[in-house]
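Some notes on the structure that comes next.
Only the coordinates and a few stated rules stand behind these numbers; no lab work does. All figures in this text were calculated on a predicted structure; none of them were measured in a lab. Counting neighbours? That spans all protein chains shown, and the Cβs are built from the backbone with ideal geometry, glycine included.
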Amino acid sequence: MDLNLAGKKVLVTGSSRGIGLQIANGFIVEGCGVVFNSRSHFTPEGSSNADAHFVSGDVSTEIGAKKVIDEAASILDGLDIVICNVGSGNSVPPGQETQESWMTSFDINFYSAFHTIQAARPFLKASRGVIICISSICGTEIIPGAPVTYSVSKAALNAYVKGISRPFGEEGIRICAVAPGNILFDGSVWDEKLKTDSTAVNQMLKDEVPLNKLGCSDDVANLVLFLSSPVSDYITGSIFVSDGGQTKSL
């Protein structure tokens with residue numbers, strides 16, 4: 001299927017590794033101009049490609065997000081697609097929440113998207129663009145052992161995506177979220193768990209995941225590319241799960 005993405009101007013936040021990196025590289029393969037982003041400088045894998053660019057900045061702050069958006073829009077001469085991928089499940093165990101842990105989790109998992117979207121809104125209104133937020137299955141139902149601060153911040157992100165889709169739709173902007181399950185890539189939580197106790201991981205997959213396997217970055221990236229494309233231009237305000245069947249919510 002031709003996704004008709006060639007020539008689109010794309011920013012992917014948090015794209016130095018893992019899911020974000022795979023998404024950004026996927027857009028380059030589709031012929032898009034892509035700005036990679038992270039808090040500190042790195043050289044994108046596709047740096048030899050004239051379509052690959054980089055902007056540093058912390059999008060969890062309003063000032064940082066505006067800087068990243070303005071620089072990306074300047075490099076690409078506008079924006080068509082913004083992927084909000086910044087996030088982290090690192091937090092305190094359930095029952096040990098503090099005000100600081102709540103604030104940190106919301107800054108990383110909710111406000112990073114909110115600030116980015118607010119800064120990008122004028123550019124996306126002009127291009128009738130698309131926003132895809134990377135959420136988590138922890139925001140769709142209770143996952144045992146997951147930090148409560150992480151789960152609540154991702155649930156807030158999901159609610160924001162659904163709630164803001166109507167006013168954004170009136171401006172010609174589509175917005176959706178993708179909620180991955182257990183995704184394996186170099187340096188990921190599941191990479192570490194496999195190295196320390198592969199037996200426990202395999203038992204969890206057998207007990208909890210109908211497809212009995214971990215996902216990979218491509219599983220998320222391919223869904224993001226589809227939802228970002230004109231092929232999906234009647235889809236907005238929805239949360240799409242990619243988890244091997246783990247979650248049970250309707």
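List the number of the failed condition for A179; all other conditions in (1) more than 24 Å from P94 (Cα to Cα); (2) assigned to a strand (DSSP E or B); (3) among the aliphatic types (A, V, I, L, M) hold.
If we test A179 against (1) more than 24 Å from P94 (Cα to Cα); (2) assigned to a strand (DSSP E or B); (3) among the aliphatic types (A, V, I, L, M), just (1) comes out false.
Give the residue that is surrounded by the most Cβ atoms within 10 Å (Cβ to Cβ), with candidates limited to residues of segment 115-139 that are in contact with an Asp or Glu (Cβ under 9 Å, 6 or more places away or on another chain) and over 24 Å from L5 (Cβ atoms).
H115
Got at least one residue in segment 13-21 being in contact (Cβ under 8 Å) with a residue 40 or more places away in the chain, surrounded by fewer than 23 Cβ atoms within 10 Å (Cβ to Cβ) and either among the polar types (S, T, N, Q) or closer than 17 Å to I132 by Cα (or both)?
The answer is yes; a qualifying residue exists.
So which pairs qualify, if the first residue must be in segment 22-35 and of a type in the set (S, T, N, Q), the second must be in a helix (DSSP H, G or I), the Cβ gap must be under 6 Å, and the two must be at least 6 apart or on different chains?
Sorted first by the residue in segment 22-35, then by its partner, the pairs are Q22/S217; Q22/A221.
Please pick out the residue among V29, V12 that is more than 24 Å from A155 (Cα to Cα), under 19 Å from the mean Cα position of the chain (by Cα) and not acidic (D, E).
V29
Would you confirm whether any residue within segment 62-72 is touching a residue at least 24 places away in the same chain (Cβ under 8 Å), assigned to a strand (DSSP E or B) and either aromatic (F, W, Y) or surrounded by fewer than 15 Cβ atoms within 10 Å (Cβ to Cβ) (or both)?
Scanning segment 62-72, I find no residue that is touching a residue at least 24 places away in the same chain (Cβ under 8 Å), assigned to a strand (DSSP E or B) and either aromatic (F, W, Y) or surrounded by fewer than 15 Cβ atoms within 10 Å (Cβ to Cβ) (or both), so the answer is no.
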